[in-house]
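First comes the structure, then the notes that go with it.
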Amino acid sequence: MAETNFKWLTCAGVLCCLIWNGFAQQGGSDCIKANAKSCGECIQAGPNCGWCKKTDFLQEGEPTSARCDDLAALKSKGCPMEDIENPRGSKQVLENREVTNRKKGAAEKLKPEAITQIQPQKLSLHLRVGEPQTISLKFKRAEDYPIDLYYLMDLSYSMKDDLENVKSLGTALMLEMEKITSDFRIGFGSFVEKTVMPYISTTPAKLRNPCTGDQNCTSPFSYKNVLSLTSEGNKFNELVGKQHISGNLDSPEGGFDAIMQVAVCGEQIGWRNVTRLLVFSTDAGFHFAGDGKLGGIVLPNDGKCHLENNVYTMSHYYDYPSIAHLVQKLSENNIQTIFAVTEEFQAVYKELKNLIPKSAVGTLSSNSSNVIQLIIDAYNSLSSEVILENTKLPKGVTISYKSFCKNGVNDTQEDGRKCSNISIGDEVRFEINITANECPKKEQNETIKIKPLGFTEEVEINLQFICECQCQSEGEPNSPACHAGNGTFECGACRCNEGRIGRLCECSTDEVNSEDMDAYCRRENSTEICSNNGECICGQCVCKKRENTNEVYSGKYCECDNFNCDRSNGLICGGNGICKCRVCECFPNFTGSACDCSLDTTPCMASNGQICNGRGTCECGTCNCTDPKFQGPTCEMCQTCLGVCAEHKDCVQCRAFDKGEKKETCSQECMHFNMTRVESRDKLPQPGQPDPLSHCKEKDVDDCWFYFTYSVNSNGEANVHVVETPECPSGPDIIPIVAGVVAGIVLIGLALLLIWKLLMIIHDRREFAKFEKEKMNAKWDTGENPIYKSAVTTVVNPKYEGK
């Protein structure tokens, strides 16, 4: 049992070593392969890389880059934890206002900028290359949040009947929006088309009145801000009521020019930092970037405000904006767009909606009579979804999102940016991982912002990159430790000045290939430079690296390594030691050239507590039996030996019962043990006591069974416990035996008679069947005597006619 446990423990230990070595090789390889010459380069190689700044850490022949390795490897090589540079990333919350909790109609009236829907608001992250930092954002829709709504309407001739319904939109919409917010403002703008051919007719008469017949239409225009955002619904009705329809030549309208100006002209429109809604109402398609060439306009839209007296004045100068340009400006200005279009153009604007985040499409009736319900439905749809977006990330920085939405819905990747079906007062959470994969070249701080689309609030995150170690700031320029001041001594190593190389900056680049230097890299009576295992730099060997980063050359001439030691079970030093300069240094309790000899005697311990049963020596955890009669793992097996019970049977019998073969010589031969009588077998010593114990059952000269135990205590004294009364078998009962024999004879006789009778019956039946068969087959022939003549003669009268 002890041997089995030891083997199991040994296998487990070897397996653990293999696993640890595998992890160490995987983790340390990136650090070593980085070939870092300084602490800063080391910590940029990976999040698990550390730099040992201990001055005497390197072995002879090891390069400076050997200071960079994973933490476990550095510690195993003898670098104290306090000498390992391993800066970690961190995060700090700089501004963390709680999200606003208030009810509609509350006594307190908060300014829009005092309402908080996202938390925290400002953070600072210290990023180390490859180490992600996780931040948690909380978003909660505030009740009674202010809304600015700007109604942008197509005033081409086909929208004539729609204008009549929109004229009373202001007060009606105000009443509906009061159910959602107590702070609502509304504005109005209109658009037609660029004022150049071929979009409109430029004849003087058509410029005055582009409509045909007796229709009174206003002059064509590109975009006009009729009413800046106001809380006065009556003013909206009044100004919109004064508007007149205009006209153009082609079907698509210049709505994109108008949307761009509404987005970028914040002062003229009057946008506040609240929910911004833009309702775009039309019954036609749209022109976009490139269409301006038809009118000779080639300059791309500049995305700037060009309103003079609330009229867009540069429509003839700049092309229509592209869809991507519109998306950028709408997002920058936190404007959510509602496309209120007729059934005919639903498909077109739904495709456009897919390209513009936080936008919605509603079906406008032919006369815009359903516009209020359309706006309410679209607003509820837009406000029930939160989508996070971030500004442009610095080079080498990546970001990932995970959302924790209502009802336990969690998402990652792109879907991790958003949560849907959010009601007012619902709280959702996002986990954001930010990782730096490289350090910026200028080591400058960067700032990114994360905000929910369509909302003015944002989270500002300052990124500070950990690209240097703390010990580098403590470096000593032109240090005497670096060969008379030829380098900066920092982090336990020299960072050489330009033109100097070597571990201590002792050489100039001009001396590198000198033959005199090579002489210092040869061993006595050898022509090999650095034992062919390294390069000679500045008269010193710098050992080359192996593909397996755990295998290292070392020594003044790179003559040593840690992988060419003796092996056992396929492992260097049997997994029980460390290979140093091709010689195994064994762990405690192991010896041998491959550390394969265990000094632990536990596997050699016999059941009697003696090493190898006292009949052998324990060598490398295995018994070498010196007594040729004994064998086995602990020298306890003897094929030609009597057992303990048989060996002491006669002595126990003579001393306990005064009989047996040694009865006459008992006092001379059988006094080597102490004997104790017990009443029954239950009183005998049981297994589990410290002394080795044997239970015996033997027959005496009277064929009675007697029971005893034999044990040897720690002092070498033998003790015998014997049951005082043997178990003798009782004599046979004659009557049942005789009766059984007689009954057996009778039964056997009857059985024989029955068998004989059965055989006779079978024989008779066979004979009878044979007789019957022969009788059936018998044939009797009847023939006449050839000389026999009958006594009767018959004569026929020839004349007899039978009458």
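The values are calculated or read from the model by the stated rules, or taken from the named source; none is laboratory data. No experiment lies behind these values; they were computed from the predicted model shown. A quick note on method: Cβ atoms are made from the backbone with ideal geometry, for glycine too, and the neighbour counts reach across all protein chains shown. The area values use the complete protein model at the heavy-atom level, side chains included, leaving out ligands, DNA and RNA. Shrake-Rupley method; radii C 1.70, N 1.55, O 1.52, S 1.80 Å.
Tabulated results
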read-out: Scan of the stretch 229-271 for residues that are small (G, A, S) and open to solvent by 40 Å² or more (accessible area, probe 1.4 Å), ordered by number; value: S231, S251
read-out: Selected residue (criterion: surrounded by the most Cβ atoms within 10 Å (Cβ to Cβ)) from residues of the stretch 56-89 that are of a type in the set (D, E, K, R) and in a helix (DSSP H, G or I); value: R67
read-out: Subset of the stretch 411-437 (residues that are of a type in the set (G, A, S) and either surrounded by 17 or more Cβ atoms within 10 Å (Cβ to Cβ) or within 21 Å of the chain's Cα centre (by Cα) (or both)); value: G416, A436
read-out: Unmet requirement for S322, which otherwise passes all of (1) closer than 28 Å to L110 by Cα; (2) of a type in the set (S, T, N, Q); (3) open to solvent by 40 Å² or more (accessible area, probe 1.4 Å); (4) at pLDDT 90 or above; value: (1)
read-out: Positions within the stretch 438-460 being on the phi < 0 side of the Ramachandran plot, more than 28 Å from the chain's Cα centre (by Cα) and touching a residue at least 60 places away in the same chain (Cβ under 8 Å), in sequence order; value: K451, P452, L453, F455, T456, E457, E458, V459, E460
read-out: Neighbours by Cβ (under 9 Å, 6+ apart or cross-chain): first from the stretch 476-496, at positive phi; second among the hydroxyl-bearing types (S, T, Y) and open to solvent by 90 Å² or more (accessible area, probe 1.4 Å); value: G492/T55
read-out: Of all residues making up the stretch 212-230, the number that are touching a Ser or Thr at 6+ places or on another chain (Cβ under 8 Å) and assigned to a loop (DSSP other than H, G, I, E, B); value: 6
read-out: Wholly enclosed strands (runs of 3 or more DSSP E) of the stretch 345-437 bearing at least 1 residues closer than 30 Å to D161 by Cα and free of Cβ contacts under 8 Å to residues at least 24 places away in the same chain; value: 359-363
read-out: Residue in the stretch 444-454 that is closer than 23 Å to S331 by Cβ, touching a helix residue (DSSP H, G or I) at 6+ places or on another chain (Cβ under 8 Å) and either surrounded by 21 or more Cβ atoms within 10 Å (Cβ to Cβ) or not aliphatic (A, V, I, L, M) (or both) present; value: yes
read-out: Strands (runs of 3 or more DSSP E) contained in the stretch 533-596 and holding at least 1 residues among the hydrophobic types (A, V, I, L, M, F, W, C) and in contact (Cβ under 8 Å) with a residue 60 or more places away in the chain; value: 540-543
read-out: Number of positions in the stretch 396-410 that are more than 14 Å from I434 (Cβ to Cβ) and open to solvent by 60 Å² or more (accessible area, probe 1.4 Å); value: 5
read-out: Scope the stretch 155-183; condition at pLDDT 80 or above and either of a type in the set (K, R) or in contact with a Pro (Cβ under 7 Å, 6 or more places away or on another chain) (or both); matching residues; value: K179, T181, D183
read-out: Residue satisfying condition, being surrounded by 18 or more Cβ atoms within 10 Å (Cβ to Cβ), more than 29 Å from S76 (Cβ to Cβ) and in contact with a strand residue (DSSP E or B) (Cβ under 9 Å, 6 or more places away or on another chain), within set C558, C604, C584; value: C604
read-out: Test result for C612, under 30 Å from P588 (Cβ atoms), of a type outside the set (D, E) and either touching a Leu at 6+ places or on another chain (Cβ under 8 Å) or modelled with pLDDT of 80 or more (or both); value: yes
read-out: Contacts under 6 angstrom Cβ, first residue in the stretch 310-333 being closer than 27 Å to G454 by Cβ, partner of a type in the set (D, E) and at pLDDT below 90, 6 or more apart; value: Y320/D291
